Number of protein chains: 2
Amino acid sequence: MSLLVVGSVAFDQIETPFGKTGKIIGGAGSYISLAAAHFSDDVALISVVGEDFPKSFLDRLNTEGVNTKGVEVVKGRKSFFWSGKYHNDMNTRDTLVTELNVLGDFNPVVPKEFRSPDFLMLGNLSPQVQMEVISQIEKRPKLVVLDTMNFWMDMAWDELIAVIRKVDVVTINDEEARQLSGEYSLVKAAQKILDLGPKYLVIKKGEHGALLFNRAKEVFFAPALPLEEVFDPTGAGDSFAGGFLGYLSATRDVSFRNMKRAIIFGSAMASFTVEKFGLERLENLTSNEMDERVQEFIDLVQFDIALV
Amino acid sequence: MSLLVVGSVAFDQIETPFGKTGKIIGGAGSYISLAAAHFSDDVALISVVGEDFPKSFLDRLNTEGVNTKGVEVVKGRKSFFWSGKYHNDMNTRDTLVTELNVLGDFNPVVPKEFRSPDFLMLGNLSPQVQMEVISQIEKRPKLVVLDTMNFWMDMAWDELIAVIRKVDVVTINDEEARQLSGEYSLVKAAQKILDLGPKYLVIKKGEHGALLFNRAKEVFFAPALPLEEVFDPTGAGDSFAGGFLGYLSATRDVSFRNMKRAIIFGSAMASFTVEKFGLERLENLTSNEMDERVQEFIDLVQFDIALV
């Protein structure tokens, strides 16, 4: 098993200034695994859905190279449902409905054949669930990446710190980095968070790009692509994580140099996701489009200065 | 004359979470010309001060290669004074005092020997003053750059649009780009603003970097350097403009490729300014420090992806 992903598979209902969806498929696990599958056909997903969830989507994931044996389907219950409305700036949103349903008592079970993954991605879930997955892993992966959010800092601080101590990479947004560290400066925040244990920190700044820090105080910055329209930001961070880990697991190289490349592929993946509602853009993404998009990132930041 | 700069020379009094100054020297013209003088010793400044202004600062500018013959000293009157207090996030501030004084009826006179500059920088002043300077220029410069702000969009819209039509490069921040264009997307905003006449638009995003757009829809992005501490943001945008124009005027190359380099040098200059109150850091800047800083920008964004 090259890449094991744990994350929600769910229904979303989204309203943006550009329109409104009905119930569509979302969830961190869906975005992460679909994005990773662009680079690797050796991905497995651990999640839970209710019996209301369409089997056709799991079949679709299988077709893309995502093994869904670890996606539990709970009879007689409903899938996680989130509904939200984005403000005009697309950076802030109101949650209208959160129905945890099967996610409320999710007790992840990692099938035996997935217990020695090379790469492990812990999508945004309760720290207890993330820790439970780690405890079932039998061989230390090359890289364990954890995504989390402010909600868990408010609700389960001690459990979150405990799981952060166990991972190699943390991905959070800028406000969350400030909350987690108590530092306003992101440079200081990064060093405090890395002092907890992780080797790398990715700070996602949405339309303002992403920063990668390591303990040697190296910093890498990847811009977000300036887009004519951000149609729906849902899943951008998860697509980023999926592209990042998909690329790393396909290249099997966890050097800082290769992580920079992975950050660019992750950023490219996020830039596609926001172009349409939900998973639509990721489901229809070609390798040619990805190459063209990465070239746009190269052109965006490339300059030549010869210092003497 | 290689570079002619028009901008305020003034007193500031600044409060940030890190401390509070007395009356110190500031003003767009001071930051721009001092930053540009790092690259070129053929810079002239057009401005106005009161008789309360220390001649020693003008002497200092002269020493650095800035000709101050065009800085009018008005007997019996006081210099422009601005006082402001930055909030904890350093991105927002309250203006406490604005005393226009001599700037209120500034009627710029460009000395005869400065009327054919290769490069002209119109610092943030009323569009009427900016237009008056343009009208005194006898030979079309290689590049005319205009900085402005939301205040003039609110107070003198028609005059601002008229002067924007006359220049090659406009520099504004992201909120101002949105106000000027009526578009939220910066990509769309840029094209609308370029439709007014300028060939290039620089959108300054403060701690989130800067974007350079041209009419061929090329985009270049330069990050801001992640700093441990932003001590005082005053003058960052003007230092950016000064570095940008200083580099362009020293290299005499206005290709898009060289503008990218100029944007990096401008960003480096801004990153120094915010490290201390007022002009302090710019006044004590060595070429070695500048080279090291530019290398930090290179390291920050450099990655190698070979697309096949």
Original post:
Which of the trypsin sites (Lys or Arg not before Pro) across segment A:35-112 are loop residues per DSSP, with 12 or fewer other Cβ within 10 Å?
Top reply: A:Lys75
Subject >> Cβ-defined net charge surrounding B:Gly84, 15 Å radius [Lys, Arg +1; Asp, Glu -1] >> reply: -3
Original post:
Which value, in debye to the nearest 20, gives the size of the charge dipole of segment A:48-119 about its Cα centre, when Lys and Arg are +1 and Asp and Glu are -1 at the Cβ?
Top reply: 160
**OP:** Find the relative contact order for segment B:155-282 and round it to a whole percent, using C-alpha pairs within less than 8 Å whose residues are 6+ positions apart.
**Re:** 19
Original post:
Which of the listed residues, A:Ile164, A:Pro226, B:Val219, is farthest toward the dipole's positive end in the protein assembly as shown, when Lys, Arg count +1 and Asp, Glu count -1 at the beta-carbon?
Top reply: B:Val219
Subject >> Mean Cα-pair separation over length for segment A:29-77, i.e. relative contact order, pairs under 8 Å, 6 or more apart, % >> reply: 46
**OP:** Based on other C-beta atoms within 10 Å, arrange B:Met131, A:Met1 from fewest to most.
**Re:** B:Met131, A:Met1
**OP:** Note down the net charge around B:Lys260, summing +1 for each Lys or Arg and -1 for each Asp or Glu among other residues with Cβ under 10 Å from its Cβ.
**Re:** 0
Subject >> Over 22 Å between alpha carbons, listed pairs A:Lys217/A:Lys260; A:Lys276/B:Lys205; B:Lys69/B:Lys112; A:Lys204/A:Lys260 >> reply: A:Lys276/B:Lys205
Subject >> Integer Hz, Karplus 6.51/-1.76/1.60 couplings in order for segment A:221-233, x for Gly and Pro >> reply: 10, 10, x, 7, 6, x, 10, 4, 9, 9, 7, 7, x
Original post:
If you keep only loop residues by DSSP, which trypsin sites (Lys or Arg not before Pro) in segment B:204-253 have at most 15 other Cβ atoms within 10 Å of their Cβ?
Top reply: B:Arg215, B:Lys217, B:Arg252
Subject >> Mean Cβ count within 10 Å, highest first, over the residues of peptides B:36-46, A:184-194, B:256-266 >> reply: B:36-46, B:256-266, A:184-194
**OP:** Only helices at least 18 Å long along their axis, Cα-based, and averaging 0.0 or more on Kyte-Doolittle count here, so list those DSSP H runs from chain B.
**Re:** B:236-251, B:256-273
**OP:** Using a/c under 1.5 as the rounded threshold, could you call segment B:34-98 rounded, prolate or oblate? The axes a ≥ b ≥ c are square roots of the C-alpha gyration tensor eigenvalues, and prolate needs a/b larger than b/c, oblate otherwise.
**Re:** oblate
Subject >> Part-to-part distance (alpha-carbon centres) for segment B:27-74 and segment B:206-259, which is given in Å >> reply: 22
Subject >> Shortest-first distances to equivalent copies, position B:Asp94, nm, label 7 Å out along Cβ >> reply: 2.9
Subject >> Cβ-placed point charges (K, R +1; D, E -1), dipole of segment B:3-301 about Cα centre in debye, nearest 20 >> reply: 900
Original post:
Which distances in nm, rounded to one decimal and ordered from shortest, link the label point of B:Ile305 to the equivalent label points in the other identical copies, with labels set 7 Å from Cα toward Cβ?
Top reply: 2.3
**OP:** Specify which residue in the list A:Gly27, A:His38, A:Met1 is farthest towards the positive end of the charge dipole of segment A:1-87, using unit charges on the beta carbon of Lys, Arg (+1) and Asp, Glu (-1), about the Cα centre.
**Re:** A:Gly27
Original post:
Under the definition of Cα pairs under 8 Å and six or more residues apart, what whole-number percent is the relative contact order of chain B?
Top reply: 17
Original post:
With a ≥ b ≥ c the root eigenvalues of the C-alpha gyration tensor of segment B:140-202, is it rounded (a/c under 1.5), prolate (a/b larger than b/c) or oblate?
Top reply: oblate
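Rule-based calculations on the coordinates, nothing more; no lab input. On a predicted model such as this, the values are computed, not experimentally measured, just so you know. Heads up, the Cβs are rebuilt from the backbone with ideal geometry, glycines too, and the neighbour counts pull from every protein chain shown.
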